[in-house]
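Engineer: Encoded as structure tokens, here's the structure I'll be asking about.
A short reminder: the numbers here are calculations on the coordinates, not readings from a lab. All values reported here derive from a predicted model rather than from experimental measurement. Neighbour counts run over all protein chains shown; Cβ positions are idealised from the backbone, glycine included.
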Amino acid sequence: MIESIYPPKLPEWLSSGGEDFEVVLASEAVYVRNIDGKAFPNRLNEMELKDFRRSLVGNIENTLRAFKLWETDILRSEDRRFFVERFSAPVEILERPIGAALFLSEDESKWLGLNTSDHLQFRVAKGGSDIETAYRNARIIEESLENEVPFAYSSRYGFLTSRPTECGTALVLRFYVHIPGVIFTDGFINLRDKLLKSGTVLRPLNDESLSSEGHIFIVHTAHTLGIDEEELLGSAQEMLDEIIQMEYEARADIMSKARSQIENKIMRGIGILTHARIIAKREGYALANALRLGAAESIIGDAIDILSATELYFVGQPVHLARLTGEGDELTADTNRAELFRSYLKQGD
Amino acid sequence: MEYCSKCQKRPGEVKCVIVVKGERIKCCLCHECARSAGFSEQIKFNRKPKSPGIRFIAEKRDVFCPNCKLGFSQFLQTGLFGCPSCYNAFEKFIGDILKGIHSATYHKGRGPGKEGLQDLTHLKWKLSEAVFAEDFERAAQLRDEIFRLKKDSN
Ligand SMILES: [Zn+2]
Ligand SMILES: [Zn+2]
């Protein structure tokens, strides 16, 4: 059903780069809001959730008329996963789709989840490190919705959320970063602990272990109480600049000290891409990210550019892969993955 | 020696009685588990020096949100509040949690819109709920109220 509307290629905002794209894939601002006097979704039964969805949608759909509306309980589970794989929906719709809804903008850079963990949760994203634009645009949505529905708010705790740890501004700034240099130079634990002290969380995007350098990480702010939005934006930008700086320095460091090791690793990646007939999911992620580094550091000539290497990461995920190459068991999927990946290499060098 | 009935690792040194729906449940916790279960400064401990190994006896009643009926013990398991009123109902207990995570326990920054506008939004929301519930008598009242408010603000 959704295949005809959303082709399995990546949405443009995620596939066209942006400032500091070599380190920062995307920046997002996420607001959480609830309706005054109404129990949070976790205390509503199926009937109540569906009734509440109907009245809530009725009140905000005019504001969001440029968005497409999906009731998540009529979406198949692979459709929901498809949206989550491409950052076009909150992860909560995987676990609790009943009575929830997803508003998605045409370019997929903006979504609003309704009756997920909270009544409303909405996100605006930008490619690269431009968190300021993402935040300003998210705030416009917030201020438009404010005229349509009464938000749950107290002067002491700010905007009230189902997780009391998120009350206050109930605003989270989030980044997807690729930091192989930091990890290769054993700087990860240091960085994570340092960020934690300033109220920022660093964790892997997928269920991979922390030890390999082939990962994309999520960095997000965790302070919502006692800090206002502009302060949060300022400190998040500062924190992000520091990560970018650290990563570039680490890359320069390893390229001067361990160039042949890095080149070896990445050229082996090219070898796998060219010749492997079976590529498992995790191997696929690691491979995509090794090539991403190779492209950024001009190690692999024009075999693959950074945008294609980034895309490789996303299309290697289960639902995207199945949409592009057909359904099948795990072995079929791994075989299809190898074939799809091979098609990304430029021919003739 | 009795072990902590929660973690089964450390010695149980805090004897607790939790009253859930009128039923008294006895347990013996270590200091760490007792603290994380909310038996902290807010709870009065009665010293009982006679029983060796067990230093305190505490009794705690589960606290419930009057609006959504969520019990605080349930919140401790899920980390989720049930409704906006939970913030008031559990105010005594969440200070420590918030202080551990944030730099302050007071909101800083903007609230929702201008006051007059908020009244209007509330009324509009109530109107849509009344229409949804097909309570047209109430809907008509609300419609008139909104009309008056709009006229006043012009
Ligand atoms: Zn214990
Ligand atoms: Zn409550």
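Engineer: Computed FRET efficiency, Cβ-Cβ of B:GLU91 and A:TYR248, R0 30 Å: what is it to the nearest 0.05?
Structural biologist: In this case the efficiency is close to 0.05.
Engineer: Taking the Cα centre as origin and putting +1 on Lys and Arg beta-carbons and -1 on Asp and Glu beta-carbons, what dipole magnitude results for region A:176-302, to the nearest 20 debye?
Structural biologist: My answer is approximately 840 debye.
Engineer: For A:THR274 and A:SER155 in one chain, what is 0.36 nm times their gap in residues minus the Cα-Cα distance, to one decimal in nm?
Structural biologist: 36.8 nm is the gain from fully extending A:THR274 to A:SER155.
Engineer: Counting alpha carbon pairs within less than 8 Å and at least 6 residues apart, what relative contact order, in whole percent, applies to chain A?
Structural biologist: Result for chain A is 19 percent.
Engineer: Follow-up question, since we're still on this one. Thinking of region A:120-239 as a set of Cα atoms, what percent of all their pairs are more than 22 Å apart?
Structural biologist: Value for region A:120-239 (Cα pairs over 22 Å): 41 percent.
Engineer: Separate question: How big is the dipole moment of the protein assembly as shown about its Cα centre under a simple scheme where the beta carbon of each Lys and Arg is +1, that of each Asp and Glu is -1, and everything else is neutral? Debye, nearest 20, please.
Structural biologist: 2440 debye
Engineer: So, one more: For each of A:GLU28, A:GLU71, count neighbouring Cβ atoms within 10 Å of the residue's Cβ, then give the residues from fewest to most.
Structural biologist: By the 10 Å Cβ count, ascending, the order reads A:GLU71, A:GLU28.
Engineer: Using the alpha carbon gyration tensor of the protein assembly as shown, what are the three equivalent-ellipsoid semi-axes (square root of 5 times each eigenvalue), largest first, in whole Å?
Structural biologist: The answer is 43, 33, 22 Å, longest axis first.
Engineer: Write down the radius of gyration of region A:258-346 and its Dmax, each obtained from C-alpha positions, in Å.
Structural biologist: 12.5, 42
Engineer: Past 18 Å, Cα to Cα: identify those pairs from B:LYS124/B:LYS151; A:LYS110/B:LYS108; B:LYS124/B:LYS150, in the order given.
Structural biologist: Checking Cα-Cα distances, A:LYS110/B:LYS108 exceed 18 Å.
Engineer: Would you please name the trypsin sites (Lys or Arg not before Pro) within region A:116-193 that are DSSP coil residues with at most 16 other C-beta atoms within 10 Å of their C-beta?
Structural biologist: Answer by residue number: A:ARG156.
Engineer: Full-extension gain between A:ASN62 and A:ASN206, please, as 0.36 nm times their residue separation minus the C-alpha to C-alpha distance.
Structural biologist: Difference between extended and current length: 48.3 nm.
Engineer: Arrange A:HIS119, A:HIS320, B:HIS31, A:HIS275 by Cβ neighbour counts within 10 Å, fewest through most, would you?
Structural biologist: A:HIS275, B:HIS31, A:HIS320, A:HIS119
Engineer: Further question on the same structure: At 7 Å along the Cα-to-beta-carbon direction for both A:GLU78 and A:SER15, put a label point, then send me their distance in nm to one decimal.
Structural biologist: So the two model labels end up 2.0 nm from each other.
Engineer: Which one, A:ILE216, A:ILE306, A:ILE254, has the greatest fluctuation when you compute a Gaussian network model over chain A with C-alpha springs under 10 angstrom?
Structural biologist: Top of the fluctuation ranking is A:ILE254.
Engineer: Using a 7 Å offset from the Cα along the Cα-to-Cβ direction at both B:ASP119 and A:SER198, what is the distance between the two label points in nm, to one decimal?
Structural biologist: For the pair B:ASP119/A:SER198, the computed spacing is 4.5 nm.
Engineer: For a quick check, take a GNM of chain A with Cα springs below 10 Å and name the residue from A:LEU293, A:LEU195, A:LEU312 with the largest mean-square fluctuation.
Structural biologist: A:LEU195
Engineer: Hey, another quick one. Ignoring everything except DSSP H segments at least 4 long, calculate the 222 nm mean residue ellipticity for chain A; use -39,500 (n - 2.57) per segment, divide by total residues, nearest 500.
Structural biologist: It lands at -14000 deg cm²/dmol.
Engineer: While we're here: May I ask you to sort B:ASP96, A:ASP329 by Cβ crowding, counting other Cβ atoms within 10 Å and putting the fewest first?
Structural biologist: Fewest-to-most Cβ neighbours within 10 Å comes out as A:ASP329, B:ASP96.
Engineer: Could you list the residues of region A:142-174 with an amide nitrogen less than 16 Å from a label point located 7 Å from the Cα of B:SER153 in the Cα-to-C-beta direction?
Structural biologist: Hits in region A:142-174 for B:SER153 at 16 Å: A:143-151.
Engineer: Considering amide H positions built from the backbone, and no H for Pro or chain starts, which residues 5 or more places from A:LYS68, or on another chain, come under 5 Å of its amide H?
Structural biologist: Amide H neighbours of A:LYS68: A:LEU104, A:SER105, A:GLU106.
Engineer: Just want the answer: with Cβ charges of +1 for Lys and Arg and -1 for Asp and Glu, which residue in A:ASN336, A:ALA296, A:GLY168 is farthest toward the dipole's positive end in chain A?
Structural biologist: Of the listed residues, the answer is A:ASN336.
Engineer: Among A:LEU232, A:ILE279, A:LEU202, which residue has its Cα positioned farthest towards the positive end of the charge dipole of chain A, with +1 placed on the Cβ of Lys and Arg, -1 on the Cβ of Asp and Glu, and the dipole taken about the Cα centre?
Structural biologist: My answer, from the dipole projection, is A:ILE279.
Engineer: Report, in order of residue number, the helices in chain A meeting two criteria: a C-alpha extent of 18 Å or more along the helix axis, and a mean Kyte-Doolittle hydropathy of at least -1.0; treat each whole DSSP H run as one helix.
Structural biologist: A:46-60, A:131-145, A:229-257, A:259-275, A:281-296, A:330-344
Engineer: Report the label-to-label distance for A:THR165 and A:GLU238 in nanometres (one decimal), using points 7 Å from each Cα along the Cα→Cβ vector.
Structural biologist: Spacing of the two 7 Å Cα→Cβ label points: 2.4 nm.
Engineer: I've got another one for you. Calculate the length of the line joining the C-alpha centroid of region B:92-107 to that of region A:107-143, in whole Å.
Structural biologist: Comparing the Cα centres of region B:92-107 and region A:107-143, I get a distance of 26 Å.
Engineer: Roughly how far apart, in whole Å, are the Cα centres of region A:285-341 and region A:63-97?
Structural biologist: 24 Å
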